[in-house]
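Student: Here it is, the structure in full.
The values are calculated or read from the model by the stated rules, or taken from the named source; none is laboratory data. None of the values given here were measured: they were computed from a predicted structure. Here the Cβ positions follow ideal geometry from the backbone for every residue, glycine too, while neighbour counts run over all protein chains shown. Calculation scope for accessible area: heavy atoms of the full protein, side chains included, ligands and nucleic acids excluded. Shrake-Rupley method; radii C 1.70, N 1.55, O 1.52, S 1.80 Å.
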Amino acid sequence: MSGPSVQTLRDLVKGQVFTPDDAGYDQARTVYNAMIDRHPAVVVRCAGVDDVRATVDYARENGLDLAVRGGGHSVPGFGTVDGGVVADLSGMRTVTVDAGRRTARAEGGATWGDFNTATGAHDLATTGGIISTTGVGGLTLGGGIGYLARALGLSCDNLVSAEVVLADGRIVTADENQHADLFWALRGGGGNFGAVTAFEFRLGPVAEIYGGPIFFDLKDARDVLRFFRDFIADAPEQYGGFPAFQIAPPLPFIPEDRHGEPFLAVVNCWTGNHAEGERIIDRIRAVAQPVAQMVGPMPYAALNSAFDALVPPGLQHYWKANFVTELTDDMIDAHLRFGPKVPVVNSTVHIYPINGACHRVAPDATAFAYREAKFATVIAGMWPDPADNEANIAWVRDYYAATAPLSEAGGYVNFMAGDDQDRVKANYGGNYARLVDVKRTYDPDNLFHLNQNIRP
């Protein structure tokens, strides 16, 4: 290294700086996926945008790899790096709401739990994920699939502007009028173009939703999946539920003698009139006799955090994913071969519908290209014991191998594993060449390469 020293960096930033010699280093380097065990040279717990700029400058000027950590949920471990620099934004979590304009501004380290608490106080929301501890930044930059996507569009469709620290250290605002090419790329292109330190979103009216999970016996799974395929094609857009293979956790509403068994669940979210929502969800209940259910009125934030306890920090993670245009009978057969083999209660398979409002955005209007896809499937392998890694990774890979030939070539970048770099071009379809051009403009030396990388 011939650039600034660590001491110079300490003098420049307001946040904490950790090196291997500092107390707290091991905690600072630890990430959500316990399968990832890396040792950065420097971790900067940034206190604001100027700290992020100083950290980006430090990495660039010293020729070091740079990882940007927002909410910290990166399954491939892109929020850390051996021997490099980590810009940790987890201390930057402020969310401010302008209820009159129906907008909210979230700092780059905010989680959807932070966001929902702030916006829910005004009966407003935008599309977040399924787990409230997920970072606002990572989810949005990859597209942003969640309960509200059919009604409000993807998270990135609701992005109004972004504050970005570029590779050369400049701080810019990207929106429809300023750096419009960058703004286009940020909406689905991942962390390839800079460190986003603040996101401004458009909000929709979302107060108390009607929803929750319904568990069906596996013998009824085929009928439920076939029904859901047809139902969701033209279901009212206020409906944002999805089917999932899930081992029953030990919850009071599930019969005790069924705890630990795999089921097909349908997780429901209805944002309209509750009586109408009950009638809609009754159509799903009518397909087969539910084994257990917990459906009713609740705050949107309660549903968005309902599964948090199943995915605490420190699990082993390995995921695979694809976009699906049609949930064919052959695809359902593949799901029924592998879904019931879900290994532990933490692991799951979700089949997210992404039609409705998502389809009213043109494929080239944002970097998120698969606007004709009807589903985004994730095989989310998550388990506590490293001794199970070989067997459980094999389950994910075998499941993926059975479903991939029946799916689109690309998948949702937020669900990609570390060994999916060869899929990057397919993930962006017809938008890939334009993304390369934007990358060459804003990050020609590929400083921001710890991601599903678009090479300049």
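Student: Need the C-alpha centroid separation for segment 411-456 versus segment 60-122, integer Å.
Tutor: Between the Cα centre of segment 411-456 and that of segment 60-122, the gap is 20 Å.
Student: Here's another thing I want to ask about it. Using the Cα atoms of segment 252-397, I'd like the radius of gyration and the largest Cα-Cα distance, Dmax, both in angstrom.
Tutor: Taking only Cα atoms of segment 252-397, I get Rg and Dmax of 17.2, 50 Å.
Student: Give the carbon-plus-sulfur fraction of the accessible surface of the chain in %, rounded to a whole number; probe 1.4 Å, heavy atoms of protein chains only. Before the final figure, lay out each step's value.
Tutor: Numbers: 8400 of 16950 Å².
On the chain, the fraction of accessible area on carbon and sulfur atoms equals 50 percent.
Student: Could you calculate the contour length gain from ARG226 to ASP175, that is, 0.36 nm times the residue separation minus the distance between their Cα atoms, to one decimal place in nm?
Tutor: Values: separation 51, 0.36 × 51 = 18.36 nm, distance 4.11 nm.
Stretched out fully, the ARG226 to ASP175 stretch lengthens by 14.2 nm.
Student: Now a separate question. Roughly what percent of Cα-Cα pairs across segment 210-256 reach past 13 Å? List each step's numbers first, then the result.
Tutor: Values: 696 of 1081 pairs.
Roughly 64 percent, rounded to a whole number.
Student: Tell me, what are the semi-axes, in whole angstrom and largest first, of the equivalent ellipsoid of the chain as set by the roots of 5 times the Cα gyration tensor eigenvalues?
Tutor: Values: eigenvalues 257, 112, 89 Å².
The answer is 36, 24, 21 Å, longest axis first.
Student: Nothing charged except the Cβ atoms of Lys and Arg (+1) and of Asp and Glu (-1): what's the magnitude of the dipole of segment 211-263 about its Cα centre? Round to the nearest 20 debye. Walk me through the intermediate numbers first.
Tutor: Numbers: 5 positive and 9 negative charges, 25 e Å.
Taking the Cα centre of segment 211-263 as origin, the dipole is about 120 debye.
Student: Of SER305, GLY356, PRO262, which is farthest on the positive side of the dipole of segment 251-367, counting Cα position, with +1 on Lys and Arg Cβ, -1 on Asp and Glu Cβ, and the Cα centre as origin?
Tutor: Farthest towards the positive end: SER305.
Student: Right, next: Taking θ as phi - 60°, what are the ³J(HN,Hα) couplings along segment 147-158 by the Karplus curve (6.51, -1.76, 1.60), each to the nearest whole Hz, with x for Gly and Pro?
Tutor: For segment 147-158, the Karplus curve yields 4, 9, 5, 5, 8, 10, x, 5, 3, 5, 6, 9 Hz.
Student: Work out the charge dipole of the chain with +1 on the Cβ of Lys and Arg and -1 on the Cβ of Asp and Glu about the Cα centre, then indicate which of HIS335, GLY79, ALA28 is farthest towards its positive end.
Tutor: Checking the options against the dipole of the chain, the answer is HIS335.
Student: Also: Evaluate the relative contact order of the chain (contact order divided by residue number), counting alpha-carbon pairs under 8 angstrom at least 6 apart; express in whole percent.
Tutor: On the way: 1098 pairs, mean separation 73.3, N = 456.
Relative contact order, the chain: 16 percent.
Student: When every alpha-carbon pair in segment 155-208 is counted, what percent end up more than 15 Å apart? Please list the in-between numbers first.
Tutor: On the way: 628 of 1431 pairs.
Of all Cα-Cα distances in segment 155-208, 44 percent exceed 15 Å.
Student: Which pairs break 27 Å Cα to Cα here: LYS14/LYS439; LYS341/LYS425; LYS219/LYS425; LYS320/LYS374?
Tutor: Working: LYS14/LYS439 30 Å; LYS341/LYS425 31 Å; LYS219/LYS425 39 Å; LYS320/LYS374 17 Å.
Violating the 27 Å limit, Cα to Cα: LYS14/LYS439; LYS341/LYS425; LYS219/LYS425.
Student: As a test of the formula, what do you get for the chain when each DSSP H run with n ≥ 4 contributes -39,500 (n - 2.57) and the sum is divided by the residue count, at 222 nm and rounded to the nearest 500 deg cm²/dmol?
Tutor: Working: 14 runs with 124 residues, N = 456.
When only DSSP H runs of four or more count, the value is -7500 deg cm²/dmol.
Student: Another question, then. With a 1.4 Å probe and all protein chains left in place, how much accessible area per residue does segment 312-456 have, in Å²? Can you show the working numbers first?
Tutor: Details: 5520 Å² over 145 residues.
Averaged over the residues of segment 312-456, the accessible area is 38 Å².
Student: Given N residues in segment 387-444, what is Rg(Cα) / (2.2 N^0.38 Å)? Please report the intermediate quantities before stating the final value.
Tutor: Working: Rg = 14.9 Å, N = 58, 2.2 N^0.38 = 10.3 Å.
This ratio for segment 387-444 stands at 1.44.
Student: From the backbone phi of segment 245-261, what are the Karplus-calculated ³J(HN,Hα) couplings (6.51 cos²θ - 1.76 cosθ + 1.60, θ = phi - 60°) in whole Hz, Gly and Pro given as x?
Tutor: Residue by residue, segment 245-261 yields 8, 8, 6, 5, x, x, 10, x, 7, 9, x, 4, 6, 9, 4, x, 8 Hz.
Student: Please list, ordered by chain and number, the residues whose modelled amide H lies under 5 Å from the amide H of LEU124; skip anything fewer than 5 residues away on the same chain.
Tutor: VAL206
Student: Sticking with this one: Non-local amide H neighbours of THR111 (under 5 Å, H modeled in plane, Pro and chain starts lacking H): which ones?
Tutor: Counting only residues 5 or more places away or on other chains, the set is VAL136.
Student: Peptides 184-197, 222-235: what's the order by average Cβ count within 10 Å, highest mean first?
Tutor: Details: 184-197: 26.6, 222-235: 17.2.
Answer by packing, highest mean first, reads 184-197, 222-235.
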